[in-house]
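Step one of this worksheet: look at the structure below.
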Amino acid sequence: MSSRDIRPARRTGAADSVRNTPGAKALERYRARQADAGVLPPGVIARSTWTNARPVASRAKPLGSITRITVHHDGMSPFTSTSRDLAARRLESIRRAHVGSNGWADIGYHYAIDPAGRVYEARPTVIQGAHVKYNNEGNLGILVMGNYQRQRPTDATMRTLERFVVDRARAYRLSREDIHTHRELRPTACPGRYLQRHMESVRARGGAIALAMA
């Protein structure tokens, strides 16, 4: 037998262990479905438009059944641009920080909304987010890009946020009481005073979200 016919034994260990984790399996199932039309909600921009990076499977956990929704801001510098390119760069900078500095599997949120009212796919919804410490199980994270401690949200952003939150709540059969902001679950300034006030208003009796979910 020639040396060319001698093939090294298949190595098992770390690589196989990663592939066999629940998070990795969930991501593989998700990628297998990406060609299907129903993977993303209508109008949502695919993450492939702003990053080529994949989540780190070894750090991922399955999200499981979605039982609540949490709204955030990114808390960085104010962001008012309606440029899709600039929004994509901002999302990628957030993802890099979350993966590189925080050691997370991916960007922490499942969806992001920019000042023009566009919605982007962020972290795949098959894996648990990293957006509310100790409260990520079954929790869908929605980011509103900008710092709403220092700026006010645009009308376009708020219209989209209201519609999208209601759409996702209906999709997962949630009630108005299952819609939160970050500070309502953990001590934090997120999502900023202006966005917090808006969320309180639209969930209150007679508000846009309350009426839509009545």
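The values are calculated or read from the model by the stated rules, or taken from the named source; none is laboratory data. In this text the structure is predicted, and so the values were computed from the model without any measurement. Here Cβ is always computed from backbone atoms with ideal geometry, including for glycine, and neighbour counts include all displayed protein chains. Heads up: the accessible areas ignore ligands, DNA and RNA and are worked out on the full protein's heavy atoms, side chains in. Shrake-Rupley method; radii C 1.70, N 1.55, O 1.52, S 1.80 Å.
Tabulated data
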item: For a label point 7 Å along the Cα-to-beta-carbon line of SER201, residues of the range 114-155 with backbone N under 17 Å; result: 148-155
item: Percentage relative contact order, the range 130-214, counting C-alpha pairs under 8 Å, at least six apart; result: 34 percent
item: Calculated P(r) of the range 107-151 - Cα pairs past 12 Å, %; result: 59 percent
item: Portion, in percent, of the accessible area of the range 102-161 that falls on carbon or sulfur, probe 1.4 Å; result: 42 percent
item: Net charge, LEU174 excluded, C-beta distance under 10 Å - Lys, Arg +1, Asp, Glu -1; result: +3
item: Distance-filtered residues of the range 146-178 - backbone nitrogen under 17 Å, label point 7 angstrom along ARG84 Cα→Cβ; result: 157
item: Sequence-distant residues sharing a close amide H with ARG68 (under 5 Å, placed H); result: LEU140
